[in-house]
């Protein structure tokens, strides 16, 4: 099933399917390693739910929910 990264739950894992990049700010996401085919795991949330912490390429990164809405993840058996 494909979901937005922003909709994933704690400890949920998947594979990045696509990233919508509309401006230079969005391109920064690609530079941090968020590229198609990479495995990603949600590892935590701030007390109010934003930002979220994810694990990708053997490192952890905090990402705003507004940025994570542009990242589509394949979850489940096909991930």
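Each value in this text was obtained by applying a stated rule to the coordinates, not by laboratory testing. Quick caveat: nothing in here was measured; it's all calculated off a predicted structure. When we count neighbours, we look across all protein chains shown, and the Cβ atoms used for this are built from the backbone with ideal geometry, even at glycine.
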Does residue 21 fit the bill of being touching a residue at least 24 places away in the same chain (Cβ under 8 Å) and within 11 Å of the chain's Cα centre (by Cα)? no
Residue 54 vs (1) out of contact with any strand residue (DSSP E or B) (no Cβ under 7 Å at 6 or more places or on another chain); (2) under 20 Å from residue 75 (Cα atoms): all pass except (1)
